[in-house]
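Participant: Sharing a structure, written as structure tokens. Questions coming.
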Amino acid sequence: MERETINNIKSLGIDMINEAGSGHPGIVLGAAPIIYTLYANHMNVSMSDPNWVNRDRFIMSAGHGSALLYATLYMAGYDLTLTDLKDFRRIMSKTPGHPEVGVTPGVDMSTGPLGQGVASAVGMAIAEKMAEAKYKIPKKGKFDKERSLINYRIYALCGDGDLMEGVSYEAASLAGTLNLDNLIILYDSNDISLDGKTDVTFKENVLGRFSAMGWYTDTVKNGLVVSDINKAIEKAKGAGKPAIIEIKTIIGIGSALAGTNEIHGKPLGKEDITQLKTSFGLPDSAFYVDEKARTDFRGKITSRSGKKYEEWANNYREYVTNTLEGNTTDLQYLFMKDTKVDFSDIVLDFDKKESTRVLNGKIMNLIAPKIPYWVGGSADLASSTKAYLNDLGDFSSSNRTGRNIYFGVREHAMGSILNGLALSGLRSFGSTFLVFSDYLKPAVRMSALMNLPVTYIFTHDAINVGQDGPTHEPVEQLVSLRSIPNHYVFRPADASEILGSWEYILNSRHPNSLILSRVEVNPLASSNKDEVKRGGYIVKREKSVLHGIMIATGSEVASAVQISEELYQTSGLDLRVVSMPCRELFLEQEKTYRDTVLPKGVRNIVIEAGSKMGWESFVYDSKYLITVDKFGASGTKDEVLSYLNFDYETIKNRIIGLLK
């Protein structure tokens with residue numbers, strides 16, 4: 001019944017696109033045999049437990065193929081109805097325009113921006129290897145085979161567009177280095193992209209490139225032959241390397257527009273649909289389902305996966321009973337159930353002037369023993385960002401238990417891989433310089449879209465990095481990060497605020513960015529970790545009469561406190577200082593609290609070494625914004641600060657001029 005099932009998947013996909021008046025029929029027709037073969041013969045999944053922790057993962061990296069995926073999931077027996085298929089691309093439906101994790105049963109990642117799926121699949125593969133190494137089931141006897149509680153594979157379907165995006169190769173290079181042999185990419189190779197034939201833009205030897213990166217490669221010359229696809233996947237599973245299989249297909253095969261870019265992204269005409277269904281041997285009626293084919297497809301999947309699920313369930317019971325003695329706390333993250341992290345016993349003893357990047361590194365190492373599922377690394381900058389978990393090992397091809405990951409100079413891949421780790425239940429972090437956040441912004445956006453607990457650690461946060469010059473001096477990056485919905489930006493002033501930031505971050509489920517300085521700062525006598533969760537608070541109160549309020553973040557808070565103290569002594573100006581480590585959190589507080597911190601009728605002055613954008617609502621007039629709104633320059637720290645009118649004396653004198 002394989003041909004009947006494939007044709008029914010194609011037919012349903014075409015009907016969905018036609019009903020919506022929008023979609024991508026080319027991949028539905030061309031790649032249906034690939035996805036059928038994968039699910040019918042290889043994917044270990046459970047319809048009754050779609051979030052089974054040991055299921056194989058499938059990522060439709062070519063996310064425009066969503067109709068193909070939804071039709072397959074429906075035929076496979078997931079909790080989708082024909083009504084759901086008819087609602088394709090409708091608001092709040094279970095079948096959105098591109099796959100969205102948490103919306104459609106059986107979808108393991110939100111995809112659409114090409115390359116992200118391939119790169120995040122690498123993160124999923126790393127996560128599986130970590131869990132596989134960690135949860136070993138002790139041998140019962142001399143002849144018992146070594147087992148692990150976790151042993152799943154990650155599959156991704158990609159197209160030419162995915163492999164034109166650089167992030168795919170960043171991630172693939174690391175996957176080869178780490179020898180992630182649990183990862184298989186199925187490459188739907190049809191030589192067509194949206195604007196035409198790929199030979200005008202994409203002529204390299206793709207498999208040669210992957211081979212050079214340490215991957216196993218194979219080719220299926222005819223993407224219609226299920227047996228050939230099946231054999232190639234079987235060989236890839238035993239290759240001992242990450243694998244990519246190039247499967248040659250014809251985009252939109254069977255359509256009058258087959259083999260052209262015309263069929264990539266628009267519905268087919270009525271006559272074309274009719275002749276297609278005739279060739280499929282199906283009635284010319286919308287959303288027809290061949291129940292025999294559907295039953296056969298589901299039977300293939302459940303007969304194989306059911307045995308795997310039962311085997312895993314037995315292993316799980318054995319592991320929990322014998323190894324964990326009934327306490328499953330250590331496993332909860334695998335089920336996407338984080339336990340709350342208690343920070344009450346962490347005592348800070350940092351009383352000297354240090355940069356917040358250095359302080360953060362020390363604090364991370366105080367926290368790390370509390371969270372065994374907290375992993376991450378840096379884009380070849382751990383020595384500068386200080387985001388490294390001491391004595392917890394480095395993940396590599398020979399050490400699968402290490403909690404530090406060397407991503408190399410691959411910021412974009414790092415962000416995408418962090419998403420893959422988080423999609424597997426881990427809490428992940430990655431670090432680089434703030435100015436380089438632009439390299440991984442697409443991945444940060446995907447973190448926010450998927451609501452993943454990823455933490456991005458950005459250091460060297462201001463113009464005072466000096467002689468590295470404007471290429472390394474962030475100006476617009478803070479506002480850019482703050483503009484991302486469902487993503488919180490923390491810029492703490494000292495160790496206490498760093499700890500408060502982590503307490504919020506590690507007990508939340510959404511992505512966050514932590515912004516840290518290279519410049520050394522003095523600890524603040526009145527900073528309060530417990531107030532960080534409010535986003536902003538009074539770090540220095542006025543003595544008697546409130547003349548104005550300085551709002552500052554990060555390393556500028558200490559300067560604001562010093563200016564407040566100096567101006568009270570020399571000019572009689574009585575100024576409050578508000579530290580605002582997280583603007584997003586402050587704006588979420590009740591109005592009564594916000595009005596207590598920033599009472600109406602009092603002049604506010606904002607001090608931040610970044611763009612003024614977003615701060616306008618905090619002041620009466622833009623002249624009260626002491627910010628940096630042009631690119632920096634190369635010079636000593638003091639020269640650059642003076643050039644940008646952001647040195648201590650200039651800021652102090654501006655405040656005097658504004659309030660006198």
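Read the figures in this text as sums done on the coordinates, not as results from a lab. Nothing here was measured: the structure is a model prediction, and the numbers come from that model. Heads up, the Cβs are rebuilt from the backbone with ideal geometry, glycines too, and the neighbour counts pull from every protein chain shown.
Participant: Val475: net charge of surrounding residues, Cβ under 12 Å, Lys/Arg +1, Asp/Glu -1, itself excluded?
Facilitator: Details: positive: Lys612, Lys630; negative: Asp438, Asp461, Glu473, Glu476, Glu608, Asp629.
With Lys, Arg at +1 and Asp, Glu at -1, the neighbours total -4.
Participant: Looking at the range 2-306, what % of its DSSP beta bridges pair antiparallel, to the nearest 5?
Facilitator: 15
Participant: In nanometres, what is the gap between the two model label sites at Asn327 and Tyr620, each 7 Å from Cα along Cα-to-Cβ?
Facilitator: In this crude label model, Asn327 to Tyr620 measures out at 6.0 nm.
Participant: Also, I was wondering about something else. Once R0 is set to 30 Å, what does the formula 1/(1 + (r/R0)^6) return for the Cβ-Cβ distance between Lys248 and Phe335, expressed as a FRET efficiency to the nearest 0.05?
Facilitator: Computed FRET efficiency for Lys248 and Phe335 comes out at 0.15.
Participant: Taking the 0 to 90 degree range and rounding to the nearest ten, how far is the long axis of helix 441-450 tilted relative to the main principal axis of the chain, both from C-alpha atoms?
Facilitator: 70
Participant: Please find the FRET efficiency linking Thr278 to Lys237, where r is the Cβ-Cβ separation and R0 is fixed at 25 Å, and quote it to the nearest 0.05.
Facilitator: Result of the calculation: an efficiency of 0.10.
Participant: Would you mind counting up the charge near Thr104? Only other residues with Cβ under 11 Å from its Cβ, with Lys and Arg at +1 and Asp and Glu at -1.
Facilitator: That works out to -3.
Participant: Could you give the radius of gyration (one decimal) and Dmax (whole number) of the Cα atoms in the range 463-618, in Å?
Facilitator: 15.3, 47
Participant: Please rank Met124, Met47, Met414, fewest neighbouring Cβ atoms within 10 Å first, as an exposure proxy.
Facilitator: So the residues, fewest neighbours to most, are Met47, Met124, Met414.
Participant: Would you mind computing, in nm to one decimal, how far apart the modelled labels at Asp345 and Lys591 are, each placed 7 Å from Cα along Cα→Cβ?
Facilitator: Inter-label distance under the simple model: 4.4 nm.
Participant: Kirkwood Rh and Cα-based Rg: tell me the resulting Rg over Rh for the range 354-521, rounded to two decimals.
Facilitator: Answer for the range 354-521: 0.93.
Participant: Per DSSP helix of 4 or more residues, -39500 (n - 2.57); summed, then divided by the residues of the chain. What does that give at 222 nm, rounded to the nearest 500? Can you show the working numbers first?
Facilitator: Working: 22 runs with 250 residues, N = 660.
Per the formula, -11500 deg cm²/dmol.
Participant: With a Förster radius of 56 Å, plug the Cβ-Cβ distance of Asp468 and Lys136 into 1/(1 + (r/R0)^6) and report the FRET value to the nearest 0.05.
Facilitator: After rounding to 0.05, the efficiency reads 0.75.
Participant: Further question on the same structure: How much length would be gained if the chain were fully extended between Val225 and Asp394, taking 0.36 nm per residue of separation minus their Cα-Cα distance, in nm to one decimal?
Facilitator: The Val225-Asp394 span can extend by a further 56.6 nm.
Participant: Which log10 I(q)/I(0) values, to two decimals, does the range 550-653 give at q = 0.12, 0.17, 0.24 Å⁻¹ under the Debye formula with one point per Cα?
Facilitator: Cα-only, vacuum Debye calculation for the range 550-653: -0.43, -0.84, -1.47.
Participant: Just the number, please: percent antiparallel of the DSSP beta bridges in the range 425-564, rounded to the nearest 5.
Facilitator: Approximately 0 percent, going by the DSSP bridge assignments.
Participant: Helix 648-659 versus the longest principal axis of the chain: what angle, 0 to 90°, nearest 10, using Cα atoms?
Facilitator: Rounded to the nearest ten degrees, it is 80.
Participant: Highest mean first, how do 113-120, 354-361, 527-534 rank when packing is the count of other Cβ atoms within 10 Å averaged over residues?
Facilitator: The packing order, highest mean first, is 113-120, 354-361, 527-534.
Participant: Something else: Figure the gain on full extension for Glu566 and Lys441 (residue separation times 0.36 nm, minus the Cα-Cα span) and round it to one decimal in nm.
Facilitator: Values: separation 125, 0.36 × 125 = 45.00 nm, distance 4.04 nm.
Length difference between fully extended and current span is 41.0 nm.
Participant: Need the C-alpha centroid separation for the range 530-546 versus the range 1-58, integer Å.
Facilitator: 56
Participant: Moving on. Can you give me the angle between helix 270-280 and the longest principal axis of the chain, using Cα atoms only, in degrees from 0 to 90, rounded to the nearest 10?
Facilitator: So the helix axis and the longest Cα principal axis differ by about 60 degrees.
Participant: Among DSSP bridges having both ends in the chain, what percentage is antiparallel? Round to the nearest 5.
Facilitator: Of those bridges, close to 15 percent are antiparallel.
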